[in-house]
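None of the figures in this text is laboratory data; all of them are computed from the coordinates on show. Quantities reported herein were computed from a predicted structural model and do not represent experimental measurements. Using ideal geometry, Cβ is built from the backbone for each residue, glycine included, and neighbour counts are taken over all protein chains shown.
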Amino acid sequence: MNKKTKAILLNLFAVIFLFLTVVILMSTGVLNNYLSNILITVLITIIMTTSLNVTTGLLGQLALGHAGFMAIGGYTSAILTKIVLADLGFSFGLSLPISLIAGGLVAALFGMLIGIPALRLEGDYLAIITLGFGEIIRVVIENMEITGGAAGLTRITRMSRAFSEDRLTSSIVQFAIVFWITVLIIASIFTLGRSRHGRAIISIRENAIAAEATGIPTTRYKLLAFTIAAFFAGIAGGLFAHQTSILDAKAFGFNKSIEYLVMVVLGGMGSITGSIIASFVLVSLPEMLRGLAEYRLVIYSLLLIIMMLFRPSGLLGTAEFSLLTTWEALERFFARIFKREAVTRMPFQPRYDVWEGKPVLETHNLGISFGGLKAAQNINIRLMNNEIVGLIGPNGAGKTTVFNLLTGVYIPTEGDVVLLGKPIQGKITHEIAQNGISRTFQNIRLFRSMSALDNIKVAFHSRMKYSPMSGILRNAQCLSEERGIDIRARELLRVFQMENDADTIAGSLPYGKQRKLEICRALASNPKVLLLDEPAAGMNPSETAELMNTIKLIRDQFSVAILLIEHDMKLVMGICERIYVLNYGQIIAHGKPEEIRSNPEVIAAYLGQEQTAQTEVNQHA
Amino acid sequence: MKKRTVFSLLLAFVLLFSVSLPVMAEDTIKIAGIGVLSGDYAEYGLAVKEGVDLCVKQTNEKGGVLGKKVEILWEDTQGTAPNAINAYNKLLDEGVVGIVGAVLSGESKALAEMSADDGMPQITPSSTAYDVTTDRPNVFRTCFLDPFQGNAIAKYMSDQGIKKAAVLYDNATEYSKGLYDAFKARCDELGVEIVAAESAAYGDKDYKTQLTTIANAAPEAVFLPYYGADAAMILAQANEIGLDVKFYGADGIADIVDKVTDKALLTNVVYTDHFSTDADSELAKNFVSSFEAEYGKLPTISFSATGYDAALVLLSAIEAAGSTDKEAIVAAIKATNIDAVSGKITFDDHNDPIKSAFLLTFDDQGVKHYLTQVDP
Amino acid sequence: MTLFFNQLINGLHVGFIYALIALGYTMVYGIVKLINFAHGDIIMIGAYTAVITLVSLGWSTPLSLLAAIVVCVVFGITIERVAYKPLRSSPRISSLITAIGVSMLLQNTALLVFGAASRPFPTIFNIEPVRFADLQISFVTLLTIVVSIALMVLLQTFVKTSKAGKAMRAVSEDYNTALLMGINVNNTITLTFAIGCALAGIGAYLYIMAYPAISPTMGSLPGLKAFIAAVLGGIGIIPGAMLGGILLGVAESMTKAYISTQLSDAVVYGILIVVLLFKPAGLLGKATREKV
């Protein structure tokens, strides 16, 4: 056995060991009723905080109504075991799992409902909406017959007594059930976070616009995150109901949601390990300091403020316990045993051959007006295969607007765009990205806290097929696709001499490399047309020269058509085969660099607008 | 699995013996006090605590129970069910033989759920909701019930010649809803017409809309099954919109005096209480004077009296049972027939005390005055 | 019909109080893009100041009103300087969480200091209600409406015409440009908090005259409602806050009177959600999109 395998086995058995230790401590009475009940509360809290971490940590949206999902799950499963399944004559051992899952599903349904406003609203507004939903859930439960109304639901079968005549045995079974459900949920959130779906969710947190432009269907993933978080909270609610045997809607109000949020924030938004530690500490500490009960919330709120002022990322930030490396090593280990080294090949398809000599992108009289103001009109652009074309014009001429029209960020009010012979009218940004137009941004929009490698992997998203479920299970399909893109992403970085930066956090890369990484990410979604928005902005002359070579290299290696916006005339004149000149939202000139240079209309446009640009044009004339 | 179960069982037995031996050997009898001592409803829990502590102190001064000193261990629930369960588990491990508590109906139910499994004697001094004691032979109470109060008020109202009544209540609070249901049922029987029944959302402070609707229906009296703070707010707002009728309440508004600045408004209020400081029994007088001596104030919240009684019933039962055996204590409680501070206490089949309600009103200084007594 | 108008008056009364509180939210949000969750608790602070100075210290009504305003302003400015200012350039979620933390801190500290039991507030004006035929409007209602309208007009004039008001609008429009234009952004933000909190102090006084019970958690509900009112009208816009507050108050009152008292909160949140779905920037708000 080598060192690595040893580490894996050690870690795997750590969980089992933890479990057995608790069981032994319980049977010997060291963990009495009181302590083991608190332990159950800790575990349920862990489910709540780790699931809240999906929306708040991974997706980056503040959710203030998480306890509402717990209430839904709790009431659903309690009603099921207490009324429905008991009437059908099910035993508790059978009805518990059914009711837990049902509770999770109903909560997930509501999570999805709440996710719908999330498609349109963000940040503060969404926070208020989730708060509102949480309160509505409470009010409605309080006024329904089946939930016991104001009196709440009582006499729900208790797990700590229901499994066996013997108290201890039943308590141990309760612990076993809650423990393994918690472990399963943590593992699921963990693996999901590592899958393409998890990366998609995180990329929305990092930069929603870039995520969409990279081909991530952001609305779908916001919904997914809300639904998953609600599902797990629902299960936690079911467990809670069968732990305490009594449900009262008032217990699931705003304060409860805030309490869970505090734990997530203190542990570190995005860190599951942090949530687990925070849950453990913040549930058990007040029990130990019962005498200080009055000060508990004062201390919580002070902690919250101090944490935000001095360590806004929480205790652990987004760091995780080394379980991850362990997990992946474990997979490799099993793969070796079962000979599952499959790699799904993810080639860059040469999609261009058939378009030899034909336009890959054409616009016909494209235009948009914002409330009467024509920001762009009569834009007719044509990009041939393997061509590098420049789009220049004075500031405010509408260059970026044209990019936004091409990528569906703005919906054109007139004209249409034809990509590879097919109109892409009515398609939304991520679909257009998947169809073959990708772009970079004037102000760099990287997924800043993800590694360079992961930035690129996000762009591979739409080329992978595996489902969220296989992401959670990390089955053969998932692993082989992941291996495939890992190889591809590293190859791509190598093209840009960035292979050594693969694991560097994107936000900490030097400026020039961030620009390159953004181009790299745009290429990863396998585009036919690459739109570069001021790629040389902020670069010094030697960096610009290097960039020129890179752009040519991209064209040769990836056979894409490139349309670039640039103010650096040296670069534009140096590499563009043709140039479009835009002024006041219209194309005023079009032609080869030398024709543009001598075009009097262009000179006038720049003269009228910007002295420096004019001199630049002359300099290169 | 089976082997481990057997193993754990063995261990548990060993442990049980090792734990129970020192408990038997101790020279105090421990009882538990569980209830809300902090948070929104803390004043009710603290009133109970004062009554219970006084009873325990007096018992110890008289030599304790079974020749041992009584020790009361308090745990705060902050009014929530999970905390009540934790408190129970904790105190159980510390060897208590009986419980006084909990205070609010919700936490009492959670507690009863646990204690019923163990057959642990439990007496709540203040949970008036009907089903706290249902199917739980070990759970008793020393206060009367919501249905009884609702009945009593409806009866008294009808006796005063009121034919048209209105209700403002909170559908989302068990206490309020329970009282309303009983009140309505009795009014229907007595031929008192309920001209308006308006509910307000939990935590709401603006009752003017509801009061306007009520005023529009022109009732002769309004029933307010609320706690003191809310009722005080309602009185002020009713005054503002010019609704000038009699207001009736239940034990929850016993603490209204401190919440109202314009005490004259209180002269319109009549309510049912568990205890009156005007009560003329010897025990009650002694209680009031020793309470005043101990705490420097009158027991204005009647849960101090019912708390005293709950402790008294429990301690007398332990004495009567002659041991700290749970079953014996429960049987002794069931057989209780004592004169207590809030009246004579015996228990019916549902473990509720058969005792009278006091109807009280206020003068324009906010001093409570005894009106009459309603017997079950 | 009388009933309807009486209910409308009830709605207007509560609506104007919401509007007054909403102004504080809206001004702060407009300028620093922060939901000041603690704004409702500033009202609680003002209410306690009022009751302590008026009842315990025996000050006169105008003096205790002044005290409430001053204490609210001091708290507001301190909170802004200590808790919010250092986070101005952090992610929005951090400052929002801080605001929640400040709100919890104020509530729970008040709980420790004053206890959970609510305190009554004396009736200050024992003036007969004004009657028109069957309608009757209590003096407090009338006072609330008049004071609120006066304050809103004053505020709007201040923001539109004064130099400081123009600075506020400039900072709200573009923080960085305002900074470059030589506007003292820090002072402007502090002034905004001060005005918002002064309004909260007056709002607190009007609130406890209508609902005379003072408790540590009393601020959260009106605070939340006022915030919803601000969002409803279009947060950051002063007339929006007024419109939102009045609409919310009337909607609430009408729901209670004619639909369901129990579900009135649910209806209010429902209205908010629906409005935001169709007009994400609120009724008077203009949709802005992030520049790509």
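With n ≥ 4 as the cut-off for DSSP H runs, can you work out [θ] at 222 nm for chain A, using -39500 (n - 2.57) per run divided by the number of residues, rounded to the nearest 500?
-19000 deg cm²/dmol
Please compute one quarter of the surface area of the Cα convex hull for region A:491-570 and express it in square nanometres.
Mean orientational projected area (region A:491-570, Cα hull): 5.2 nm².
Obtain the nm distance between the two label points defined at residue C:82 and residue B:320 by a simple spin-label model: each point lies 7 Å from its Cα along the Cα-to-C-beta direction.
That separation, rounded to one decimal, is 5.8 nm.
Determine the percent antiparallel among the DSSP beta bridges restricted to chain A, to the nearest 5.
55 percent
From the backbone phi of region C:104-117, what are the Karplus-calculated ³J(HN,Hα) couplings (6.51 cos²θ - 1.76 cosθ + 1.60, θ = phi - 60°) in whole Hz, Gly and Pro given as x?
Coupling constants for region C:104-117: 4, 5, 4, 4, 6, 5, 4, 4, 5, 6, 9, x, 7, 5 Hz.
Counting Lys and Arg as +1 and Asp and Glu as -1, each charge on the Cβ, what is the dipole of the protein assembly as shown about the Cα centre in debye, to the nearest 20?
Around 4980 debye, computed over the protein assembly as shown.
From the Cα trace of region B:62-122, what convex hull volume per residue do you get, rounded to a whole Å³?
87 Å³
Which value in deg cm²/dmol, rounded to the nearest 500, describes the helix-derived mean residue ellipticity at 222 nm for chain C, given -39,500 (n - 2.57) per DSSP H run of n ≥ 4 and division by the residue count?
Result for chain C, helices only: -23000 deg cm²/dmol.
To test your reading of the geometry: what angle, between 0 and 90 degrees and rounded to tens, separates the Cα axis of helix C:238-254 from the longest principal axis of chain C?
That works out to roughly 30 degrees.
So how do C:5, B:303, A:69, A:110 line up by other beta-carbon neighbours within 10 Å, fewest first?
With the fewest neighbours first, C:5, B:303, A:69, A:110 line up as C:5, A:110, B:303, A:69.
Compute the whole-percent fraction of alpha carbon pairs in chain A spaced more than 47 Å apart.
For chain A, the fraction of Cα-Cα distances above 47 Å is 27 percent.
With loop defined by DSSP as not H, G, I, E or B, and exposure as at most 14 other Cβ atoms within 10 Å, which is the longest segment of chain A clear of exposed trypsin sites (Lys or Arg not before Pro)?
Here the longest run is A:1-338.
How big is region C:102-148 on each of its three principal axes, counting only the C-alpha atoms and giving the largest first in Å?
That gives 48, 21, 16 Å along the principal axes, largest extent first.
With charges set only on the Cβ (+1 for Lys and Arg, -1 for Asp and Glu), what does the dipole of region A:35-254 come to about its Cα centre, in debye to the nearest 20?
340 debye
Return the sequence-ordered ³J(HN,Hα) values of region B:47-55 in whole Hz as given by the Karplus equation 6.51 cos²θ - 1.76 cosθ + 1.60 applied to θ = phi - 60°, using x for Gly and Pro.
Running phi through 6.51 cos²θ - 1.76 cosθ + 1.60 with θ = phi - 60° gives 4, 4, 4, 4, x, 5, 4, 5, 5 Hz.
Show the residues, 5+ positions off or on another chain, whose built amide H is closer than 5 Å to the amide H of residue A:589.
Sorted by chain and number, the residues that satisfy this are A:581.
If each residue of separation counts as 0.36 nm, what is the full-extension length gain between residue B:218 and residue B:373 once their alpha-carbon separation is subtracted?
Residue separation times 0.36 nm, minus the Cα-Cα distance, leaves 52.9 nm.
If you take the alpha carbon radius of gyration of region A:35-254 and divide it by 2.2 N^0.38 Å, what ratio comes out, to two decimals?
1.04
If the limit is 31 Å between Cα atoms, which of C:166/C:256; B:297/B:344; B:184/B:355; A:250/B:326; A:250/B:334; B:49/B:355 go over it?
From C:166/C:256; B:297/B:344; B:184/B:355; A:250/B:326; A:250/B:334; B:49/B:355, over 31 Å: C:166/C:256; A:250/B:326; A:250/B:334.
Going Cα to Cα from residue A:374, which lysines come in below 20 Å? Please leave out same-chain ones fewer than 8 positions away.
Partners within reach: A:399, C:286, C:291.
Over the protein assembly as shown, consider all pairs of different Cα atoms and compute the Kirkwood hydrodynamic radius from their mean reciprocal separation; express it in Å, one decimal.
Evaluated over the protein assembly as shown, this radius sits at 34.3 Å.
Roughly how crowded by other chains is peptide B:80-91, in terms of the mean Cβ count from those chains within 10 Å of each of its Cβ atoms?
Mean shielding count: 6.
For residue A:495 paired with residue A:220, estimate the spin-label separation in nm (one decimal), with each label point 7 Å from Cα along the Cα-to-Cβ line.
According to this spin-label approximation, the distance is 2.5 nm.
Suppose R0 equals 25 Å; then what is the FRET efficiency for residue B:68 and residue B:94 from their Cβ-Cβ distance, rounded to the nearest 0.05?
Given R0 = 25 Å and the Cβ-Cβ separation, E is 0.95.
Quick one: what does P(r) look like for chain B with 20 Å bins over all Cα pairs, in whole %?
For chain B, the binned pair fractions read 29, 53, 16, 2 percent.
Residue C:261's amide H: which non-local residues (gap 5+, or another chain) put their own amide H closer than 5 Å, with H modeled 1.01 Å from N in plane and none for Pro or chain starts?
Answer set, sorted by chain and number: B:199.
Round to the nearest 0.05 the FRET efficiency obtained for residue A:140 and residue C:164 when R0 = 45 Å and r is the Cβ-Cβ distance.
For residue A:140 and residue C:164, the calculated efficiency is 0.45.
Setting aside same-chain residues fewer than 8 positions from residue C:85, which lysines have a Cα under 18 Å from its Cα?
Filter leaves C:33.
In vacuo Debye scattering of chain C, one point per C-alpha: log10 I(q)/I(0) at q = 0.13, 0.17 Å⁻¹?
With no solvent term, the Cα-only Debye profile gives -0.91, -1.50.
Give me the log10 of I(q) over I(0) for region C:70-199 at q = 0.10, 0.16, 0.18, 0.19 Å⁻¹, as the Debye formula computes it from C-alpha points; what are the numbers?
Normalising to I(0) and taking log10 leaves -0.54, -1.02, -1.12, -1.17.
Roughly speaking, what is the stretch gain from residue B:117 to residue B:338, that is 0.36 nm per residue apart minus the C-alpha to C-alpha distance, in nm to one decimal?
Stretched fully, the residue B:117-residue B:338 segment lengthens by 76.8 nm.
Where a Cα-Cα gap under 20 Å defines reach, which aspartates and glutamates qualify for residue B:259, not counting those fewer than 8 residues away within the same chain?
Within the straight-line cut-off, residue B:259 pairs with B:40, B:43, B:170, B:204, B:206, B:230, B:240, B:244, B:251, B:273, B:363, B:364.
Please turn the phi angles of region B:111-122 into ³J(HN,Hα) values with the Karplus equation 6.51 cos²θ - 1.76 cosθ + 1.60 (θ = phi - 60°), one per residue in order, whole Hz, x for glycine and proline.
For region B:111-122, the Karplus-derived couplings read 5, 4, 4, 6, 5, 4, 5, 9, x, 6, x, 9 Hz, x marking Gly and Pro.
Can you pull the three principal axis extents for the Cα set of region C:228-291, in Å, largest first?
Extents along the principal axes: 44, 21, 12 Å.
Collect residues whose amide H, placed 1.01 Å from N in the peptide plane, falls under 5 Å from the amide H of residue B:72; neighbours closer than 5 in sequence don't count.
B:31
Using a simple spin-label model with points 7 Å from Cα along the Cα→Cβ vector, what separation in nm is obtained for residue A:284 and residue C:4?
So the two model labels end up 6.4 nm from each other.
Averaged over A:295-303, how many beta carbons belonging to a partner chain fall within 10 Å of each residue's beta carbon?
5
Please arrange C:72, A:576 by counting, for each residue, the other beta carbons lying within 10 Å of its beta carbon, fewest first.
Listing C:72, A:576 from fewest to most nearby Cβ atoms yields A:576, C:72.
At R0 = 41 Å, how high is the FRET efficiency between residue C:181 and residue A:604 if r is their beta carbon distance? Nearest 0.05 is fine.
E between residue C:181 and residue A:604, to the nearest 0.05, is 0.80.
Determine the calculated [θ] at 222 nm for chain B from helices alone, applying -39500 (n - 2.57) to every DSSP H run no shorter than 4 residues and normalising by the residue count; nearest 500 deg cm²/dmol.
Per the formula, -14500 deg cm²/dmol.
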